[in-house]
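Asker: Mind looking over this structure? Questions follow.
Each reported figure results from applying straightforward, stated rules to the coordinates on display, with no laboratory input. All figures in this text were calculated on a predicted structure; none of them were measured in a lab. Cβ: placed from backbone, ideal geometry, glycine included. Neighbour counts: every protein chain shown.
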């Protein structure tokens, strides 16, 4: 019996050492390199096609770059900067969809206009009403008064809505239909992209005795499986529709306040709605029945993001300053992020990015700056972001800057996971690549960044520089002597990212993290 126990003990020790070796090996084999391919004299907003072959840049007009050669294929004339969610591609990457005064389709190969629809269609995912959060003074545990807001605080407003957390699926998964809103009304509309014809109109629910409101207040998206559409309007009642017929599946009611977000889960089984009074509701997609309610007016919760691999999701609690992870199927609390160990208050942070395997959750660090920061910067060493175990809420690591900067320097920070999840990119004041455990792999020789985007295949990183003081002065001087203001545009640098041993490292990491 003693020999058996001794053998079992030795076997356990060996297994534990092997697991540790595998984890260490995964860290060592995560090798990433980066090479600057091209610098383009164009800045501002940019987009990648789903096939990563086309890079679109806004520069007064929309320029279509060939990602392989970094040469401009075509220029599409526009009457102004595209609104968020106003430029997209069909799933095959061959057609660019541009929304302005109407829907226009362009051939990505040469930029030629393929088709334009009737006048009066706009991006669906925005409200024109601007909701200002109510600021209140609250006495904290230290006996000091702090300002809290009774609605989601964020710095990424587009006419109020944080565009990162509203629907992206405005084109059906098969690329045949487009969901937009009617400019002169509050209707949502579905168009046939092949023919340009209106397929059907999805009318909002108007309560008895209330007047139909004006335009500009529609949200919505297709489910990932293409079977359903969800829409929401300022009348507080989201609706669930059959995407094939336009038939109403259910009114997602009652709602206690204006709904600012509607999102399908990645497997299309659930819909999350979030209202401005801080109540999240989870609905069954097939039937439209209410499954769970999270939060209350005295304990406000706001939906943030779905886990890409299961039906868990993240909410932010305003009163308790907590980040919670919930199970949509059961309504049970999965985990709370241990903000005490990170000393993070989670006040104005609305950046949440899951790793592709759904096991690591990234949150952006809250870095404060004041109105005097440009004049009297408060420089100190700061955290950039935190990595959390999405199953336990434990802090995995803190991504830190190695240079003292003012909080304003982190305003433009953005984060990108590689498709395989073997590395993470952080951009902003400095551009770095990390492994999933938050260990630094590489720092790019690039200036501070105001805009960044990663191609869908994870191989090309576009970084648009912030305008330096010298560049701005030269640009202004150029205007004074008659030069075009184009001199004020930032430059975009295209980097090629290569990851060695990604597949094997991912497999080892999968086995090592398993409970």
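Asker: Determine, for 38, 233, the number of other Cβ atoms within 10 Å of each Cβ, and report the residues in order from fewest to most.
Answerer: Taking fewest neighbouring Cβ atoms as first place, the list is 38, 233.
Asker: Kirkwood hydrodynamic radius, segment 278-340, all distinct C-alpha pairs: what's the number in Å?
Answerer: By the Kirkwood definition, the hydrodynamic radius is 12.0 Å.
Asker: At a 10 Å Cβ-Cβ cut-off, how would you order 340, 85, 345, fewest neighbours first?
Answerer: Lowest to highest Cβ neighbour count: 340, 345, 85.
Asker: Estimate the FRET efficiency between residue 284 and residue 366 by the formula 1/(1 + (r/R0)^6), using the beta-carbon distance for r and 35 Å for R0, to the nearest 0.05. Don't skip to the end; give the middle numbers.
Answerer: Working: r = 35 Å, r/R0 = 1.00.
Computed FRET efficiency for residue 284 and residue 366: 0.50.
Asker: Could you list 222, 89 in order of exposure, starting from the residue whose Cβ has the fewest other Cβ atoms within 10 Å?
Answerer: Numbers: 222 26, 89 21.
Least crowded to most crowded, the residues run 89, 222.
Asker: How much length is gained on full extension from residue 343 to residue 206, taking 0.36 nm per residue of separation minus their Cα-Cα distance?
Answerer: In short, 44.8 nm is gained.
Asker: How far apart, in nanometres, would the label points at residue 336 and residue 319 be if each is projected 7 angstrom from Cα along the Cα-to-Cβ direction?
Answerer: A separation of 1.3 nm, rounded to one decimal place.
Asker: Once the piece of chain linking residue 142 and residue 247 is laid out straight, how much longer is it, given 0.36 nm per residue of separation minus the C-alpha distance between them?
Answerer: Extending this stretch completely gives an extra 32.3 nm.
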